[in-house]
Amino acid sequence: MNEQSWQFIGNNGEFTLKDPEQNNYLYFPLVNEAGMMSAITPSLHGDIKTGQNTFAMEPVSAIDLHNKKSTRNFWFLIDDSEVWSATGKSAQQEANRFANDDAEEVTLEAGMLWHKVTRKNEDLGLQSEVCNFVPQTDEQVELMKVTIKNTGSESKKITPTSGIPLYGRSADNLRDHRHVTSLLNVIKTVDNGVELSPTLSFDERGHNLNDVSYQVVGRSGSGESPIGFFPVFEDFIGEGGSLTWPEAVVSNKDDYAQVGEEFTGYEAVGALRFDDVVLEPGSEKSYVLAIVVDEDGSEVDIAQKYCSAEKFDSYLADNKEFWEEKIGKVEFESGDEKFDDWMKWVTLQPTLRRIYGCSFLPHHDYGRGGRGWRDLWQDCLSLLLMEPDLVRDILYNNFAGVRIDGSNATIIGSEPGEFIADRNNISRAWMDHGAWPLLTTKLYLDRSGDLEFLLEEQTYFKDAQSHRTQKIDENWSPEDGNELLTTDDNTYSGTIIEHLLVQHLSLFFNVGEHNNFRLEGGDWNDGFDMAEDKGESVAFTALYADNMLKLAELLRNLEEELDKEELELAQEMKQLLDTITGKIDYDSVSEKHELLEQYFASCEAKVSGAKTTVAISDLINDLETKAQWIKEHIRANELIENKDGYQWYNAYYDNNAQRLEGDYPSGVRMTLTGQVFTIMSGVATAEQIEKITTTADHYLKDESVGGYRLNTDFNEIKLDMGRAFGFAFGEKENGAMFSHMAMMYSNALYQRSFASQGFEVINSVYEHCKDFSTSRIYPGIPEYIDSRGRGLYHYLTGSASWLLLTMVNQVYGVQGQVGDLKLAPQLVKSQFDEDNQAAVTAVFADRDLKINYHNPELKSAAAYQVKDIKLNGEKIDFDLENRAAIIDRDLITNLDENKEHQLEVTLN
Ligand code: G1P
């Protein structure tokens with residue numbers, strides 16, 4: 001077992017790892033904004049694609065990294081006899097790996113965003129270096145430079161051949177006509193490489209003429225073209241051969257094709273033969289390859305543009321600069337430099353998810369690209385911190401997905417604001433969906449002060465779903481379009497705040513037997529998907545209650561900052577404001593249902609288009625009344641105290657309307673979710689939080705998996721709750737340390753000023769991840785830690801957004817308050833360096849700020865407050881509110897946009 005770990009080198013998050021191949025399931029992302037998405041492993045395995053239907057290399061799941069042989073291989077035949085792969089993927093090298101006298105020493109180095117593997121073979125006297133990256137240009141291309149060096153004392157003749165299989169079709173074809181689709185292949189040998197242009201594509205879109213081509217082109221580092229090609233897979237490997245022992249290489253075949261030949265109906269391989277070279281001791285030779293997906297018949301000569309050592313190095317330098325600048329927007333300095341470097345990878349992750357969606361890395365072998373509604377909004381949290389310019393438009397467009405019944409479209413198109421109706425008319429709603437837009441919008445408004453945003457008008461989404469999960473509008477047909485219309489057939493628009501209101505007010509009445517919001521098709525936990533009839537999510541009911549208070553606060557801001565006294569709302573919505581129109585009994589589930597049914601019926605097909613004017617003060621009162629009722633209801637009914645004296649909040653009711661948590665014959669049942677949202681929402685009192693954290697430490701904390709598990713072991717396949725309980729305990733949504741919920745737990749604790757407990761959650765995940773011999777992942781946060789301690793679903797996880805948000809907003813406390821800058825740090829003692837300093841680089845009001853905190857007496861987070869602040873060396877005035885400093889926005893906006901500005905903040 002390899003006990004070695006990655007080590008950071010330099011200060012841009014670059015790291016090195018010895019013997020990376022001695023670990024399984026490792027992969028690394030390479031990507032550009034043009035949409036090239038690669039996954040690469042230490043043996044150059046992985047795949048390359050631009051979307052579900054355009055895979056240049058065969059799509060791989062995590063298991064395939066070890067049971068398939070298709071890699072970006074590059075072969076050398078040494079002195080006509082010895083076969084050697086620069087990627088280690090030869091049958092012989094693989095067998096030798098387990099021999100005690102394995103002569104190969106392999107080192108991986110990687111950084112933003114490049115990947116380099118160096119392989120030394122002492123017996124052969126050779127060293128190879130293979131570097132891959134995706135350049136930040138308009139092309140969908142991955143570049144690879146292979147350098148071979150003679151480290152021995154004799155001169156050697158080498159015969160180089162690449163061997164990169166080209167798949168060139170849709171992921172669907174893996175098990176849908178894999179062979180038949182190879183009959184569509186037209187393979188051409190072109191200048192410098194092999195091009196695959198299938199005649200047709202067979203996939204979910206039907207049988208269509210194909211216009212995408214895939215290529216492997218290459219030249220030597222000094223510009224020599226290949227001397228020939230073995231473009232047909234079966235010819236390259238030879239009868240009885242394989243990708244790890246290809247006949248064309250092993251037998252040094254010389255019947256290679258010349259430029260201008262065509263082969264039809266066979267699987268393709270980017271096998272480029274370069275001329276023999278004699279390497280004198282100490283000398284080296286390089287080859288630059290490009291793997292290309294060309295979706296629009298580009299005229300660019302790829303070999304000319306990219307394939308020389310000089311060009312490769314120059315694009316690589318640009319690429320490093322691009323990513324370093326991007327992640328450099330938010331940086332942390334603390335007493336633990338390794339943690340600060342690790343955070344750079346976390347900071348990168350939300351951008352990766354923006355590009356890859358939730359698909360296209362080896363564990364993410366589901367989905368067809370894109371993201372769901374929940375992820376769309378939460379990923380914006382970190383984009384607000386990293387790429388704030390983009391976010392206003394994204395948020396605005398996203399609101400077009402809200403339906404007038406408070407639910408939303410769930411199939412998201414590729415254009416901003418494009419939402420698509422479910423073709424099957426399945427009425428499914430996830431009850432948490434309505435809660436996320438407010439959280440993201442609030443963060444945006446806090447940081448920008450752009451309250452006018454709330455008054456912008458946006459359309460509503462319309463399809464057959466009209467009563468959330470309960471009923472379908474039978475009369476709607478796709479020809480009616482996806483915008484909500486008025487009875488006189490005009491498109492209906494309402495303000496953004498109206499959209500937010502309907503998302504909250506409708507759910508208030510949508511309760512189950514226990515008077516909590518119905519779980520419907522699930523909440524945050526995708527795996528709780530089988531309690532649609534009687535399930536309830538207490539956890540998210542709590543979150544919605546707090547959201548209502550936040551909405552009330554925003555309405556107050558509109559009154560105070562924009563002098564607004566009234567709002568116009570869709571007339572139908574007034575029914576939901578029962579404190580104005582005639583209050584119902586909130587303890588009565590049936591009265592709630594009746595009111596909701598009336599509302600749904602009134603806007604089932606169309607709305608009248610008429611607006612009603614509501615006083616903002618009445619709206620505030622309505623929201624606060626409802627929110628307070630919920631909070632009291634949960635406090636009174638959902639707090640559990642078990643036989644061992646532990647206290648916590650129940651999060652769910654199952655499909656038999658039974659409480660999910662508590663003492664059961666099979667053991668104690670507890671979820672983390674139930675604690676996170678009762679803490680975050682303020683339902684849990686400070687004394688209760690003390691007790692809940694003790695309970696979570698007792699039942700959920702497990703150091704061997706990096707901290708807090710999502711739930712205890714229920715020892716039951718609970719078909720009345722969801723598929724998650726079919727997973728083995730300790731995996732994914734059944735009791736793994738699921739980073740997303742763990743980070744939200746940390747965030748909730750910080751929000752309630754439980755800094756040391758919040759820190760502990762982050763720290764335990766970090767400590768686990770950096771222990772590579774257990775976690776076996778590169779730096780960054782994975783979706784979850786499995787029961788053996790391995791990190792899975794690395795890179796593409798919402799937890800990165802929440803961790804980054806928690807670090808910026810809570811730990812370093814860089815927040816907005818209706819546009820003003822608020823500094824409310826909660827750094828714990830160990831986060832300050834030996835000079836009692838800690839710093840964060842952040843963007844606020846389009847200015848790059850470096851905020852240096854000094855805690856001269858090393859006080860605890862609960863004991864210090866902001867004492868004084870210097871901006872670029874000059875003392876500035878600020879207001880102190882609950883130990884936090886509020887700095888006038890104008891002070892920041894008056895600063896030069898092109899410089900970084902220093903804030904020196906003393907805490908005492
Ligand atoms: C994933 C999904 C997220 C979902 C969660 C729990 O989490 O992306 O929408 O809420 O599983 O089912 P992530 O991969 O973001 O960590």
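Details
- Gain upon complete extension [Glu239, Asn67; 0.36 nm per residue less C-alpha separation]: 59.9 nm
- Long-range amide H partners of His115 with built H, under 5 Å: Asn132
- At an R0 of 56 angstrom, the distance between the Cβ atoms of Gln92 and Glu324 translates into a FRET efficiency of 0.90.
- Looking at region 540-576, the GluC sites (Glu not before Pro) that sit in a DSSP loop and have at most 12 other Cβ atoms within 10 Å of their own Cβ are Glu565.
- Net length available on complete extension from Glu857 to Ala317 is 190.1 nm, with 0.36 nm assigned per residue and the Cα-Cα distance removed.
- The string of couplings for region 462-478 from the Karplus curve (6.51, -1.76, 1.60, θ = phi - 60°) is 9, 8, 6, 5, 9, 10, 6, 8, 8, 7, 10, 7, 4, 7, 6, 10, x Hz, one whole number per residue in order, with x for Gly and Pro.
- Tensor-based shape of region 695-781 (alpha-carbon gyration tensor, a/c under 1.5 rounded, otherwise prolate or oblate): oblate
- Whole-Hz Karplus values for region 169-177 come out as 6, 7, 4, 4, 6, 4, 10, 10, 6 Hz, taken residue by residue from phi with 6.51 cos²θ - 1.76 cosθ + 1.60 and θ = phi - 60°; glycine and proline positions read x.
- Total lysine pairs in region 273-375 at Cα distances under 22 Å, for residues eight or more apart or on different chains: 11.
- Flagged links, alpha-carbon separation over 22 Å, of Lys68/Lys157; Lys157/Lys253; Lys49/Lys188; Lys564/Lys611; Lys442/Lys732: Lys68/Lys157; Lys442/Lys732
- Note on Lys18: lysines with a C-alpha under 16 Å away, same-chain residues under 8 apart excluded, are Lys116, Lys120, Lys770.
- Fraction of accessible area attributable to carbon and sulfur, the chain (%, probe 1.4 Å): 42 percent
- Across the protein chains, with a 1.4 Å probe defining accessible surface, the residues Lys583, Lys631 rank Lys583, Lys631 from largest area downward.
- Across region 868-884, computed HN-Hα scalar couplings (Karplus, 6.51 cos²θ - 1.76 cosθ + 1.60, θ = phi - 60°) run 8, 9, 10, 10, 6, x, 9, 5, 10, 7, 8, 9, 9, 10, 6, 6, 9 Hz from first to last residue, x flagging Gly and Pro.
- For Lys701, the residues whose modelled amide H falls within less than 5 Å of its own, excluding neighbours fewer than 5 places apart on the same chain, are Arg709.
- Whichever lysines have a C-alpha closer than 16 Å to that of Lys859, once near sequence neighbours (fewer than 8 apart) are set aside: Lys829, Lys867
- Whether region 359-499 is rounded, prolate or oblate, judged on the alpha carbon gyration tensor where a/c under 1.5 counts as rounded: oblate
- To the nearest 10, the accessible area of Ser681 is 0 Å² with a 1.4 Å probe.
- Placing unit charges on each Cβ (+1 for Lys and Arg, -1 for Asp and Glu) gives the chain a dipole about its Cα centre, and among Val808, Ser334, Leu821 the Cα reaching farthest toward its positive end belongs to Ser334.
- Of the chymotrypsin sites (Phe, Trp or Tyr not before Pro) found in region 84-183, the ones in coil according to DSSP and having at most 12 other Cβ atoms within 10 Å of their Cβ are Phe98.
- Label sites at Asn872 and Thr579, each approximated as a point 7 angstrom past Cα along Cα to Cβ, lie 4.6 nm apart.
- Dipole of the chain, positive end: most advanced residue of Val141, Thr87, Ala610 [Cβ charges, Cα centre]: Thr87
- Only aspartates and glutamates eight or more places from Lys643 in sequence, or on another chain, were considered; those with a Cα closer than 14 Å are Glu661, Asp663.
- Under a 5 Å amide H cut-off, with hydrogens placed 1.01 Å from N, Gln817 pairs with Lys822 among residues at least 5 apart or on other chains.
- With a Förster radius of 35 Å applied to the C-beta separation of Arg556 and Ser588, the computed FRET efficiency comes to 0.70.
- The residues of the chain expose on average 36 square angstrom of accessible surface per residue, using a 1.4 Å probe on protein heavy atoms.
The values are calculated or read from the model by the stated rules, or taken from the named source; none is laboratory data. Here the structure is a predicted model, which means the values were calculated and not measured. Cβ atoms come from the backbone with ideal geometry, glycine included; neighbour counts cover every protein chain shown. Accessible surface areas use protein heavy atoms only, side chains included; no ligands, DNA or RNA. Shrake-Rupley method; radii C 1.70, N 1.55, O 1.52, S 1.80 Å.
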